[in-house]
Amino acid sequence: MGISLGELAVRFGCELRGDPDTRVVRVATLASADASALSFLANPHYRQQLVQTRAGAVVLGAAHAHDCPTAALVCENPYATYARIASLLHPTPVAAPGVHPSAIVAGSARIDPTAHVGALAVIGERVVVGPRVRVGPYCLIEEGVTLAAEVHLVGRVTLCRDVEIGARALLQPGTVIGGDGFGFAPERGQWLKVPQVGTVRIGADVEIGANTTIDRGAIDDTIIEEGVKLDNLIQVGHNVRIGAHSALAACVGISGSTTIGKRCMIGGAVGFAGHLTICDDVVIMGYSMVSRSITKPGVYSGGIPVEEANTWRRLVARFKRSDSLVTRLKRLERAAGAAPAQEEDDD
Amino acid sequence: MGISLGELAVRFGCELRGDPDTRVVRVATLASADASALSFLANPHYRQQLVQTRAGAVVLGAAHAHDCPTAALVCENPYATYARIASLLHPTPVAAPGVHPSAIVAGSARIDPTAHVGALAVIGERVVVGPRVRVGPYCLIEEGVTLAAEVHLVGRVTLCRDVEIGARALLQPGTVIGGDGFGFAPERGQWLKVPQVGTVRIGADVEIGANTTIDRGAIDDTIIEEGVKLDNLIQVGHNVRIGAHSALAACVGISGSTTIGKRCMIGGAVGFAGHLTICDDVVIMGYSMVSRSITKPGVYSGGIPVEEANTWRRLVARFKRSDSLVTRLKRLERAAGAAPAQEEDDD
Amino acid sequence: MGISLGELAVRFGCELRGDPDTRVVRVATLASADASALSFLANPHYRQQLVQTRAGAVVLGAAHAHDCPTAALVCENPYATYARIASLLHPTPVAAPGVHPSAIVAGSARIDPTAHVGALAVIGERVVVGPRVRVGPYCLIEEGVTLAAEVHLVGRVTLCRDVEIGARALLQPGTVIGGDGFGFAPERGQWLKVPQVGTVRIGADVEIGANTTIDRGAIDDTIIEEGVKLDNLIQVGHNVRIGAHSALAACVGISGSTTIGKRCMIGGAVGFAGHLTICDDVVIMGYSMVSRSITKPGVYSGGIPVEEANTWRRLVARFKRSDSLVTRLKRLERAAGAAPAQEEDDD
């Protein structure tokens, strides 16, 4: 059972240092691996664990090969190579083609014969389910939705009417795609609902985390381009566009009509105001508020790290009294006969 | 097909500038509309798109009528009028009255014959479902829940025992109303669960976004008054009360027993501590922490916009060293023979 | 009907001041209680309501007994005693043992005969459901999951493959336990999925709020120790560990591989970066960003309270110009012949 290191080396283009007939059957961390497990080193921070590992083999870069006390698969991108080997050793359980007898499928839906539709799924009129698609239990797929080839809905995914999901997209449980956007017209102290007539289009190879919500467009569509990765509990407002291969960590909120560029990396709990444009290749550290457009690639931050509570209380009190600080400074400047700085004239 | 501009003008009290026999069949943005589409201008920001639009007609205010290159429906509140016309052109698909054979309905539940109960819904004992209510697939309606006339549960909505939903309320998928509040009594280093015996009462014309959660009251009820609009992924703690016609954007969190007034507007990701009272007509900008009651109507803010990361790091470092700044200022004041400002005595 | 105060006093070790034959049938707040209701005073803040209460009896500490105008059950921890009495007066409705005919249970699953499995539950291969477990409607329990004795899944709970749930754990609707962690290897401008082969282990007496998500481990497991209480809409990343008896309020986000100690109390919307270690007995106030490990028990804060919007705008402007403040201070110091403070040399 398992796979030999020789086969792994050939298959993934690694240089093997060790016995090609050694077999590994699963992956493990450097610290917990035994002789039947394969591990990896991508973050030099774990070098100490490498030195002590009992793994059957370790995937790593050339720079660390000499520190490895066991067989090594040396390659350029150890994390990516590890990911591929882990997929091989721990394949996603296959699902038999066919529709579970408890699923409720509308007459006009077209389900590819190679697709799997799980228990208690509900599939509406004119839905198209492509080849090798996997629809888990309780998926609610409203009328007009299309699922391209090899889409995987783990279970309990909600796709509202006319939503389009690109090939190989993977949606975790609890995601709601295509709920109404938050659109209301004020009228005499009350709110009048604005129909949300757009939909959501999700590109190929997108992954969407548990309980994340993506609203349908108000008129035009909300768009998630190919390769985007969304973590759990993210809110994507109506008419947002997220550019290809951007990755967003959990708890991010994006207000309506904001566009995020390609290859952006957004930390956890970042909040975006509406109608902004964030250019390509922007990194935003977690816990930041983005209230203006960003036109220059780079790294951006906005969070203040926690402090011991008494210290923090004093810092906040000073912050709130910064007016008085400036007043005192001005008084001193005047006393010293210095002209106050030009940019402070508006104080 | 479609509706004539003449009919729209009469029905919605607009002044028509153009041919009353022109027909529109759908809505579109100013930029993407063709001759069969109706568009609108509410935000002057989009005036440039108005000038170039190819829409069949545009709903707008008198101030912009002369800029409109096509037929115009002139009215006082173009966004509200647009919303009404969009509802007419894009009606919510009707659902046939009756209970889907796969739904599981308790014997003592009373379902109005004009109501629709969708596939795989579960309806508990003593539930009351009013006229023209629409219960989508997978809705879990526990014992004792009441749904007033024309409530619409899109699908996968959870209503725990005894929850009350007012007329015409619209709940998006994934909402959980009436889960237990977070109530625990500390006892010898552990937490003892405090039964949550209240429920949740939701007023008429409330809308609740996808995956939003509203906890049942600990003893008394949690209350959402009529006309409140809640976006996605909002958390409402036990015994919160939200006043009529307030609108809360996504990712807001409200701790237990806090009261928010009527006609408030709360931006995304705002957090409220518990046991606060926010008066009527308060606007709170997104990403703010509200830790004290607010007794005066007005606009409040609390977020600091993101900066380029190195700049931000320096700003935070200064903020954390503000003590030293004050010390230096005091030293200078003493040297200059100035008395330190009174309000700084507690430094 | 109800319970006599005499019986309550004996059962919960209270000193009774009043008629032992008085009976109470339900709990109520001090303000709304009538003669058939029992109330409690735990927070001295509500003392005024005590003086005016019409409750049949009040649970309180010795210090407030003389203020009580009605029968009193005097004890050391009134909130905990109240919780126990409330559980007695308002018991969770029992669920009959057995599997609902609409549930779909795999052949190899082992369901204890005393367990209840509700309508439309889906239970996969090799699942073990222990004694007196209660599985509500729509629970999705994937292959290999184990539920220890008396676990209660309220309804619509998702447990992905191999998840372990400890005795008496209570999970609210919409929770997703064991979705894939957010693990992707960058490769040529794209993201390669890293299989998430660990699982989630949840200890005894844990409570998990509505729509909270806990990701499965990347290699090792994500672990929630016994007695932990998680509120709604919390995100727990892969390989996080939360120590016994810690309580986390709603909307908290914890990035991957962070460890939180025992008996910690985390306020709402707190965000944790990844790979941190928070020691035991740490309290973190709501709306804080934790980006470094905490090694000392204590109270920590990081939020700045909201201000009136114009005031706030000025404060933020000053904050962003703090460089200029320091420059002006230095100029004055130089003019005064004072040496600048050592710690500011890096400015």
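Which entries in A:K330/C:K296; B:K296/C:K262; A:K262/B:K229; A:K229/A:K296; A:K262/B:K262; A:K320/B:K296 show an alpha-carbon gap greater than 30 Å? Please list the in-between numbers first.
Numbers: A:K330/C:K296 40 Å; B:K296/C:K262 41 Å; A:K262/B:K229 33 Å; A:K229/A:K296 22 Å; A:K262/B:K262 41 Å; A:K320/B:K296 19 Å.
Pairs exceeding 30 Å: A:K330/C:K296; B:K296/C:K262; A:K262/B:K229; A:K262/B:K262.
In a GNM of chain B with a 10 Å cut-off on Cα contacts, which of B:A115, B:A106, B:A336 has the highest mean-square fluctuation?
B:A336
Karplus couplings for the stretch C:287-298 from phi (6.51 cos²θ - 1.76 cosθ + 1.60, θ = phi - 60°), rounded to Hz, Gly and Pro as x?
Working through the residues one at a time gives 6, 10, 9, 10, 10, 9, 5, 10, 10, 10, x, x Hz.
Note every residue of the stretch B:1-44 with a reduction of at least 30 square angstrom in accessible area, all protein chains present versus the isolated chain, computed with a 1.4 Å probe, or write none.
B:T29
On the first, second and third principal axes, largest extent first, how far apart are the outermost C-alpha atoms of chain C in Å?
Between the extreme Cα coordinates on each principal axis of chain C lie 85, 63, 35 Å.
Restricting attention to the alpha-carbon atoms of the stretch B:83-164, what are Rg (one decimal) and Dmax (integer), both in Å?
Answer for the stretch B:83-164, Rg first and Dmax second: 12.7, 42 Å.
With a probe of 1.4 Å, find how much accessible area chain C has per residue, and write the answer as a whole number in Å².
Numbers: 13280 Å² over 347 residues.
Counting only protein heavy atoms, the per-residue value for chain C is 38 Å².
Pull up the DSSP beta bridges for the protein assembly as shown and report the antiparallel fraction as a percent, rounded to 5. Kindly include the intermediate steps, with their values, before the conclusion.
Working: 33 of 237 bridges.
If we restrict to bridges inside the protein assembly as shown, about 15 percent are antiparallel.
Within straight cross-link reach of A:K193, meaning Cα distance under 16 Å, which aspartates and glutamates are found once same-chain residues fewer than 8 apart are removed?
Straight-distance partners of A:K193: A:D180, A:D215, B:E150, B:D205, B:E207, B:E226, B:D231.
Which whole-Hz couplings ³J(HN,Hα) result when phi for each residue of the stretch B:228-240 is put into the Karplus expression 6.51 cos²θ - 1.76 cosθ + 1.60, θ = phi - 60°, listed in order with x for Gly and Pro?
Coupling constants for the stretch B:228-240: 6, 10, 10, 7, 6, 6, 9, 10, 10, x, 5, 6, 5 Hz.
Name every cysteine in chain A that ends up alone, with no second cysteine's Cβ under 4.7 Å, or say none.
That list is A:C68, A:C139, A:C160, A:C251, A:C264, A:C279.
Can you give the Rg to Rh ratio for the stretch B:223-284, taking only C-alpha atoms and Rh from Kirkwood? Show your work: numbers first, answer last.
Working: Rg = 9.8 Å, Rh = 10.9 Å.
Computed over Cα atoms, the ratio is 0.90.
Over all pairs of distinct alpha carbons, what does the Kirkwood formula give as the hydrodynamic radius of the protein assembly as shown, in Å?
30.8 Å
If you take every residue apart from A:T81 with its C-beta less than 15 Å away from the C-beta of A:T81, what net charge results, scoring Lys and Arg +1 and Asp and Glu -1? Spell out each step's value before the answer.
Values: positive: A:R11, A:R17, A:R84, C:R188, C:K193; negative: A:E7, A:E15, A:E76, C:E187.
With Lys, Arg at +1 and Asp, Glu at -1, the neighbours total +1.
Between B:F12 and C:S293, what is the label-point separation in nm under the 7 Å Cα-to-beta-carbon projection?
About 6.1 nm, to one decimal.
Using a 1.4 angstrom probe on protein heavy atoms only, which residues from the stretch A:134-153 are buried by at least 50 Å² of accessible area when all chains are present rather than their own chain alone?
Buried by 50 Å² or more upon assembly, which counts only protein chains, are A:Y138, A:L140.
Scan the stretch B:151-220 for trypsin sites (Lys or Arg not before Pro) in coil per DSSP, keeping those whose Cβ has at most 14 other Cβ atoms within 10 Å, and list them by number. Don't jump to the answer; show the numbers that get you there.
On the way: sites: B:R156, B:R161, B:R168, B:R188, B:K193, B:R201, B:R216; in loops: B:R156, B:R161, B:R168, B:R188, B:R216.
Qualifying residues, ordered by number: B:R188.
Evaluate the distance, in nm, between pseudo-label points positioned 7 Å from the Cα of C:A317 and of C:A65 along their respective Cα→Cβ axes.
6.2 nm
So how much slack lies between B:E143 and B:R334, counting 0.36 nm per residue of separation and subtracting their Cα-Cα distance, in nm? Before the final figure, lay out the partial values.
Working: separation 191, 0.36 × 191 = 68.76 nm, distance 7.30 nm.
The B:E143-B:R334 span can extend by a further 61.5 nm.
Amide H to amide H, which residues 5 or more places from C:I278 or on other chains are under 5 Å from it, using H placed in the peptide plane?
C:T259, C:I260, C:G261, C:I294
Measure off, as a whole percent, the carbon and sulfur share of the 1.4 Å-probe accessible area of the stretch B:1-155, all protein chains present. Could you put the intermediate results ahead of the total?
Details: 3760 of 6930 Å².
The value for the stretch B:1-155 is 54 percent carbon and sulfur by accessible area.
Need the per-residue list for the stretch A:55-98: every residue with at least 10 Å² less accessible surface in the complex of protein chains than in the chain by itself, probe 1.4 Å, sorted by number.
Those residues are A:N77, A:Y79, A:A80, A:Y82, A:A83, A:R84, A:A86, A:S87, A:H90, A:P93.
If you average over every viewing direction, what projected area does the convex hull of the Cα atoms of the stretch C:177-320 give, in nm²? Mind dumping the intermediate values first?
Numbers: hull surface 43.1 nm².
If you wrap the Cα atoms of the stretch C:177-320 in a convex hull and average its projections, you get 10.8 nm².
P(r) for the stretch A:79-230, please, calculated from all Cα pair distances in 10 Å bins and given in %.
12, 39, 30, 13, 4, 1, 0
Could you give the semi-axes, largest first, of the ellipsoid that matches the stretch A:152-248, computed as the square roots of 5 times the alpha carbon gyration tensor eigenvalues and rounded to whole Å?
On the way: eigenvalues 124, 34, 26 Å².
Values for the stretch A:152-248, descending: 25, 13, 11 Å.
Using only protein heavy atoms and a 1.4 Å probe, how much accessible area in total is buried between A and B, to the nearest 100 Å²?
Values: alone 19170 and 19160 Å², together 32330 Å².
Buried: approximately 6000 Å² between B and A.
So how far apart, in nm, are the two label points at C:V94 and B:V94 if each is 7 Å from Cα heading toward Cβ?
Once both label points are built, they end up 4.8 nm from each other.
With Cβ to Cβ distances under 12 Å as the rule, what net charge do the other residues near A:Q196 carry (K, R +1; D, E -1)?
On the way: positive: A:R161, A:K193, A:R216; negative: A:D162, A:D180, A:D215, A:D220, A:D221, B:E207.
So the surrounding residues net to -3.
Going out from 0 in 10 Å bins, what whole percent of all Cα-Cα distances in the stretch C:47-128 drops into each bin?
In whole percents, the pair-distance histogram is 16, 28, 13, 13, 18, 11, 0.
With all protein chains present, how much of the accessible area of the stretch C:272-335 (probe radius 1.4 Å) comes from carbon and sulfur, to the nearest whole percent?
Values: 1590 of 2850 Å².
Of all accessible area on the stretch C:272-335, carbon and sulfur atoms account for 56 percent.
The values are calculated or read from the model by the stated rules, or taken from the named source; none is laboratory data. Computed from a prediction, not measured in an experiment: that's the story for all the values here. Don't worry about glycine lacking a Cβ; one is built from the backbone with ideal geometry, like all the others, and counts go over all protein chains shown. Side chains included, ligands, DNA and RNA excluded: accessible areas come from the protein's heavy atoms. Shrake-Rupley method; radii C 1.70, N 1.55, O 1.52, S 1.80 Å.
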